[in-house]
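Nothing in this text is a laboratory measurement; each read-out follows from the coordinates by a stated rule. Everything numeric here is computed off the predicted structure, so don't read it as measured data. So basically every Cβ, Gly included, is an ideal-geometry build from the backbone, and we count neighbours across all protein chains shown.
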């Protein structure tokens with residue numbers, strides 16, 4: 001049984017999850033990465049890279065993917081992730097992954113964390129498949145495929161872009177974390193994924 005969740009969220013027909021820091025334990029230190037690359041500390045890594053001219057952009061993307069690949073193989077499932085996914089599947093819910101990582105690295109991450117088998121391969125989207133969050137395109141692509149109304153779906157994530165992507169798509173949102181400003185933008189705020197389980 002899911003714990004202390006509004007009916008509109010509990011009864012959602014589809015659930016889309018962020019990956020790093022949501023389904024898996026957080027290990028990406030983006031602040032340190034930005035510092036090591038001399039990036040603007042107040043701007044997301046991907047956006048900073050996309051603002052670069054070629055060929056600097058291509059090189060920066062390769063460096064980012066190399067760093068992400070190293071971490072992907074070290075992924076560990078967040079407490080409660082397996083139980084929650086199993087619970088949703090038992091209830092006949094659609095589940096998918098939408099990450100700002102690449103799809104290839106998402107597959108490596110989910111397999112390393114032991115979560116890959118819960119998902120249909122085609123329901124795992126990354127920044128190489130769709131415009132990255134906070135754009136709602138990835139959410140809407142999955143919901144359209146499943147033929148689910150956004151008002152009957154929930155986005156779960158640990159970062160403001162996850163919440164904005166869900167909101168922009170017309171979905172309910174669950175924020176995992178302790179940032180008050182992001183918490184206020186979500187329909188439900190919890191500190192850990194396993195708090196969704198009793």
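For the pair residue 144 and residue 27, how long in nm is the line joining their label points, each one 7 Å along Cα→Cβ?
3.5
Full-extension gain between residue 51 and residue 135, please, as 0.36 nm times their residue separation minus the C-alpha to C-alpha distance.
Taking 0.36 nm per residue and subtracting the Cα distance, the gain is 28.5 nm.
For the chain, what does -39500 (n - 2.57) per DSSP helix run (n ≥ 4), summed and divided by total residues, give at 222 nm, in deg cm²/dmol to the nearest 500?
Result for the chain: -11000 deg cm²/dmol, rounded to the nearest 500.
Relative to the longest principal Cα axis of the chain, at what angle does helix 103-112 sit, 0 to 90 degrees, rounded to 10?
60
If you bin every alpha carbon distance in the stretch 30-72 into 10 Å steps from zero, what whole percent lands in each bin?
Spelled out per bin, shortest first, that is 29, 60, 11.
Normalised by the number of residues in the chain, what is the relative contact order in percent for Cα pairs under 8 Å and 6+ residues apart?
For the chain, the relative contact order is 27 percent.
Mind sorting 47, 90, 63 by how few other Cβ atoms lie within 10 Å of their own Cβ, fewest first? Intermediate values should be presented prior to the final figure.
On the way: 47 11, 90 8, 63 14.
Listed from fewest to most nearby Cβ atoms, that is 90, 47, 63.
Applying 1/(1 + (r/R0)^6) with R0 = 25 Å to the Cβ-Cβ distance of residue 62 and residue 120, what FRET efficiency is obtained, to the nearest 0.05?
0.25
Please report the base-10 log of the normalised intensity I(q)/I(0) for the chain, using a Debye sum with one equal scatterer per alpha carbon and no solvent, at each q in 0.08, 0.09, 0.10, 0.17 (1/Å).
Per q value, in the given order, log10 I(q)/I(0) is -0.25, -0.31, -0.39, -1.15.
Viscosity 0.890 mPa s, temperature 25 °C: give me the Stokes-Einstein translational D for the stretch 1-78 in µm²/s, with Rh taken as the Kirkwood radius over C-alpha pairs.
For the chosen part, D equals 162 µm²/s.
Can you tell me what percent of all Cα-Cα pairs in the stretch 63-128 are more than 13 Å apart?
When every Cα pair of the stretch 63-128 is considered, 63 percent fall beyond 13 Å.
Let a ≥ b ≥ c be the square roots of the eigenvalues of the Cα gyration tensor of the stretch 96-172; is it rounded (a/c under 1.5), or, if not, prolate (a/b larger than b/c) or oblate?
Since a/c reaches 1.5 and a/b is larger than b/c, the shape of the stretch 96-172 is classed as prolate.
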